Every structure is written in C-alpha cells, then in structure tokens.
Amino acid sequence: MNKREFMLGAGALIGAASTAGAATAGVGMAEPDADADRARTARPPELAPDLAMAKWQHYLGDEFAAPGGMLRLSEVQDECGARSGATAEQFSLLFVGTAALTAGTHALRHGTGQRIALFMQPAGLSAQGQALYRADFNLLG
C-alpha cells in the first residue's frame, strides 16, 4: 500500500465515522456522492502498454522507486497544447527526487507494484536542491 492509498482509505474511514456519528446524533447530513467516492479510492489506470498523457496525470504527486532512490512525478507538460485535429500526443514528465541517474533507460516501480522502463535525462535541480529528471513522449495517433 502506498502513501496515497493509505491516505484515501483513512479519509474514507473518517468520513464514514463522522457520518455514522451525525446520524445517531440526529443531525441531517447529505449522502456522499458515490461516484466521487469511487474515483477517490479507485486504483489509477495501468501504465503499460498504453502510455497516454491522460494516464500519467493520474500519477501526479506519486512516488516511484528508482535505482538509488525515490522519484516523485511533479509535472505532466502538454507539449502540443490544445491543437484541434492533432494526430500526435507530445508531452513530458518531470520527476524530482533523491535518485542520482544518468541519461538513459531506468526501471521505475510504483507503489501499486507496476513497473515501467523510461528513458530519462537529468534536467537540473529543483528549488529545494533535489535532482530533476525529464522523460519526453511523442505518441503518433
């Protein structure tokens, strides 16, 4: 279980406890939105084999184990913009963390157990002095 799943589960338990407490106290509470609750607790989409930008956006803020440390996905940058009729999807992933990697293909492991190999290159340092890495994608439609 990763930190995100733990926090979502804890939030659901707290929400359920407060709803039950309010019901016994006679306080009228609105029913929680079932669709929103499912979206919060749902497992993110599988990364492979389709590496679309929309899938990566579900992983923003998540940590990945990398050789020699941890990386957090800090940004998904759309390089095409909202061009109508675009047949390619170009985007970049920006990771920040403690791993010391050289340019090349590196195996990453998400807290859900998913593994993926990405070609990444160093992209400088964050404002906090952590290493930045960039992975670029050009998916033809």
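Under 6 Å by Cβ, and 6 or more places apart or on different chains, what pairs join a residue from the stretch 66-81 that is surrounded by 13 or more Cβ atoms within 10 Å (Cβ to Cβ) with one that is among the acidic types (Asp, Glu)?
Hits for this filter: 70/63; 72/63; 73/62.
What's the number of the condition residue 101 fails, among (1) farther than 15 Å from residue 47 by Cβ; (2) in a strand (DSSP E or B); (3) open to solvent by less than 60 Å² (accessible area, probe 1.4 Å)?
Going through the list (1) farther than 15 Å from residue 47 by Cβ; (2) in a strand (DSSP E or B); (3) open to solvent by less than 60 Å² (accessible area, probe 1.4 Å), residue 101 breaks only (2).
Of the residues that make up the stretch 35-48, is at least one in a helix (DSSP H, G or I), over 15 Å from the mean Cα position of the chain (by Cα) and at pLDDT 50 or above? Before the answer, list the steps.
Keep residues of the stretch 35-48 that are in a helix (DSSP H, G or I), which gives 35-41.
Narrowing further to those that are over 15 Å from the mean Cα position of the chain (by Cα): 35-38.
From the residues that got through so far, the ones that are at pLDDT 50 or above too are 35.
Looking through the stretch 35-48, at least one residue is in a helix (DSSP H, G or I), over 15 Å from the mean Cα position of the chain (by Cα) and at pLDDT 50 or above.
Which one of these does residue 139 not meet: (1) touching a residue at least 60 places away in the same chain (Cβ under 8 Å); (2) of a type in the set (A, V, I, L, M); (3) outside any strand (DSSP E or B)?
(3)
Specify the residue that is nearest to residue 46 (Cα to Cα); the eligible residues are those in the stretch 113-136 that are assigned to a loop (DSSP other than H, G, I, E, B) and open to solvent by less than 30 Å² (accessible area, probe 1.4 Å). Break it down stepwise before answering.
Let us first name the residues in the stretch 113-136 that are assigned to a loop (DSSP other than H, G, I, E, B), namely 113-114, 126-130.
Pick out the ones that are also open to solvent by less than 30 Å² (accessible area, probe 1.4 Å) and you get 114, 126.
Values: 114: 8, 126: 28 Å.
Only one residue tops the list, namely 114.
Could you list all residues from the stretch 98-107 that are at pLDDT below 95 and touching a Leu at 6+ places or on another chain (Cβ under 7 Å)?
99
How do the pairs read when you match residues in the stretch 44-59 that are in contact (Cβ under 8 Å) with a residue 40 or more places away in the chain with residues anywhere that are surrounded by 18 or more Cβ atoms within 10 Å (Cβ to Cβ) and of a type in the set (A, V, I, L, M), using Cβ under 7 Å and keeping only pairs 6 or more apart or on different chains?
Listed pairs, sorted by first residue: 53/76; 59/73.
The values are calculated or read from the model by the stated rules, or taken from the named source; none is laboratory data. Given the structure is predicted, the values throughout are model-derived calculations rather than measurements. Reconstructed Cβ throughout: ideal geometry from the backbone, glycine too, with neighbour counts over all protein chains shown. These area figures cover heavy atoms from the full protein model, side chains too; ligands, DNA and RNA do not enter into them. Shrake-Rupley method; radii C 1.70, N 1.55, O 1.52, S 1.80 Å.
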